[in-house]
Amino acid sequence: MPPGITMVDEGIGCGSGDCWRAATVISEDGLSRPEIIRELGLQQENCRSSGWLLDWRDVCVGARENGENVTIYASWGY
């Protein structure tokens, strides 16, 4: 994490054809949610092939505003 941004919660889950790992982050420096997302370089979701020969799922990484916080995530879909 960049300085001033702290992870306060994390989790994993699966359902409806995909699995994900997510973390909730906050700013210790008073950054707004859009500023946190920009600081993390996650303004746009980025998806790519998982890169493994026998695993054709896409891996997507992104961030979204979640109430007072920001959730960053990585998901693997079918």
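Applying the selection to segment 13-59, what residues are closer than 18 Å to residue 69 by Cβ and hydrophobic (A, V, I, L, M, F, W, C)?
20, 22, 23, 25, 26, 31, 36, 37, 40, 42, listed by residue number.
When segment 1-18 is examined, which residues are found to be surrounded by 14 or more Cβ atoms within 10 Å (Cβ to Cβ) and farther than 11 Å from residue 73 by Cβ? Even if it seems obvious, please write down each step before you answer.
Our first condition is that a residue be surrounded by 14 or more Cβ atoms within 10 Å (Cβ to Cβ); within segment 1-18, this holds for 5, 18.
Matches in segment 1-18: 5 only.
Considering only residues that are aromatic (Phe, Trp, Tyr) and surrounded by 13 or more Cβ atoms within 10 Å (Cβ to Cβ), look in segment 35-78 and name the one that is nearest to residue 6 (Cα to Cα).
Residues of segment 35-78 aromatic (Phe, Trp, Tyr): 52, 56, 73, 76, 78.
Those left that are additionally surrounded by 13 or more Cβ atoms within 10 Å (Cβ to Cβ): 73, 76.
Details: 73: 15, 76: 24 Å.
Among them, the one singled out is 73.
Quick one: how many residues across segment 49-61 are assigned to a strand (DSSP E or B) and without any contact (Cβ under 8 Å) to a residue 12 or more places away in the chain? Walk me through how you get there before you give the answer.
Of the residues in segment 49-61, the ones assigned to a strand (DSSP E or B) are 49, 52, 55, 58-61.
Applying the additional criterion that residues be without any contact (Cβ under 8 Å) to a residue 12 or more places away in the chain yields 49, 52, 55.
Number of matching residues: 3.
Give me the pairs, please: first residue somewhere in segment 26-38 and of a type in the set (Gly, Ala, Ser), second residue anywhere and crowded, with 17+ Cβ neighbours inside 10 Å, beta-carbon distance under 9 Å, and either six or more positions apart or on two chains.
Within 9 Å, the pairs are 27/5; 27/33; 27/36; 27/39; 27/70.
Here's the yes/no breakdown for (1) in contact with a strand residue (DSSP E or B) (Cβ under 7 Å, 6 or more places away or on another chain); (2) at negative phi; (3) assigned to a strand (DSSP E or B):
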{"position": "2", "(1), (2), (3)": "no, yes, no"}
{"position": "11", "(1), (2), (3)": "yes, yes, yes"}
{"position": "22", "(1), (2), (3)": "yes, yes, yes"}
{"position": "37", "(1), (2), (3)": "yes, yes, no"}
{"position": "44", "(1), (2), (3)": "no, yes, no"}
{"position": "63", "(1), (2), (3)": "yes, yes, yes"}
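Bear in mind these aren't lab numbers, they're just calculated from the coordinates by the rules spelled out. Keep in mind the model is a prediction, meaning the values are calculated, not measured. Backbone-built Cβ (ideal geometry, glycine too); neighbour counts: all protein chains shown.
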